[in-house]
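The values are calculated or read from the model by the stated rules, or taken from the named source; none is laboratory data. Note that the coordinates shown come from a computational prediction; the quantities given were computed from them, not determined experimentally. Every residue, glycine as well, gets a Cβ built from its backbone with ideal geometry; the counts of neighbours run over all protein chains shown.
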Amino acid sequence: MKVCIISNGEFKDSNYFKKAIDECDVVICADGGANIAYKLGIMPNYIVGDLDSADDKIIDYYLQQGVIIEKHPTMKDETDSQLATIKAIEIGANEIVYLATIGSRFDHSLANLSLLLYLLNRKIKGKILNEKNEVYLIDDFIELEGKSGDVVSLIPYSADVRGIYTEGLFYPLSGQDMSLEMPYGISNVFTDRKIKIKINSGYLLVIKSKD
């Protein structure tokens, strides 16, 4: 089951978001993500969080439409996006797509990266999307599609990433290591329609970006 989680970060391109949501089986709004869903004309399956960011009128509307709303206390340890992730796993997600999890609050954006690690450790596929970025976290292997000239960056998410191998990139890697304190994998470039990235150990962020 592919689940889309809409958080309360930034979104600009409605068509991009709608397309990503349409490819999912279930939609979960993390608190203020309900505001975004409403603007997009999306009917979520669940709204999860303390509801301090969601518009009361929108919550009332979704209640009338039969959307399942799970309200949590404001004084809690988890972020709303974390609660939505737990809910997605609870209902059987084997893939989660995060939307509007990147925004002006750098602390939230950074914390949301840990959601990818949470999924990876549970053998669940995950990615963070916005109009300019596709963010993945790997501990083994990934294959991505694009076109020649597309930009991808490789950034350690652990102290060291050892044994990095790539195919289809302008700056190839063949067993090199990379450290968190000095990443050198920024702005590599697709030379083919598909790229392959493999690592022997560690955690590696793979970010496909466009200006």
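Please work out if GLU131 is of a type outside the set (A, V, I, L, M), more than 18 Å from ILE28 (Cα to Cα) and surrounded by fewer than 17 Cβ atoms within 10 Å (Cβ to Cβ).
Yes, satisfied.
(1) touching a Ser or Thr at 6+ places or on another chain (Cβ under 6 Å); (2) surrounded by fewer than 17 Cβ atoms within 10 Å (Cβ to Cβ); (3) under 23 Å from PHE11 (Cα atoms); (4) free of Cβ contacts under 8 Å to residues at least 40 places away in the same chain: which one isn't true of PHE170, the others all being true?
For PHE170, the exception is condition (3).
Tally the residues that are β-branched (Val, Ile, Thr), within 23 Å of LYS19 (Cα to Cα) and either at pLDDT 95 or above or outside the structural domain of TYR16 (by TED's automatic domain parsing) (or both), restricting the search to region 69-102.
Qualifying residue count for the region: 5.
When SER153 is evaluated against the numbered criteria (1) out of contact with any helix residue (DSSP H, G or I) (no Cβ under 8 Å at 6 or more places or on another chain); (2) assigned to a loop (DSSP other than H, G, I, E, B), which criterion, by number, is the only one it fails?
Here SER153 clears every test but (2).
Here's the yes/no breakdown for (1) part of a strand (DSSP E or B); (2) in contact with a strand residue (DSSP E or B) (Cβ under 9 Å, 6 or more places away or on another chain); (3) assigned by TED's automatic domain parsing to the domain that holds LYS196; (4) under 19 Å from ASN200 (Cα atoms):
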residue: SER104; (1), (2), (3), (4): no, no, no, no
residue: ASN112; (1), (2), (3), (4): no, yes, no, no
residue: ILE142; (1), (2), (3), (4): yes, yes, yes, yes
residue: GLY163; (1), (2), (3), (4): yes, yes, yes, yes
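Residue check: is ASP80 of a type in the set (D, E, K, R), surrounded by 16 or more Cβ atoms within 10 Å (Cβ to Cβ) and in contact (Cβ under 8 Å) with a residue 60 or more places away in the chain?
yes
Among the residues in region 39-61, are any out of contact with any helix residue (DSSP H, G or I) (no Cβ under 7 Å at 6 or more places or on another chain), touching a residue at least 12 places away in the same chain (Cβ under 8 Å) and either crowded, with 22+ Cβ neighbours inside 10 Å or assigned by TED's automatic domain parsing to the domain that holds LEU204 (or both)?
No - not one qualifying residue is present in region 39-61.
Of everything in region 93-128 that's out of contact with any helix residue (DSSP H, G or I) (no Cβ under 8 Å at 6 or more places or on another chain) and of a type in the set (Ser, Thr, Tyr), which residue is farthest from ILE28 (Cα to Cα)?
Checked region 93-128; the qualifying residue farthest from ILE28 (Cα to Cα) is SER104.
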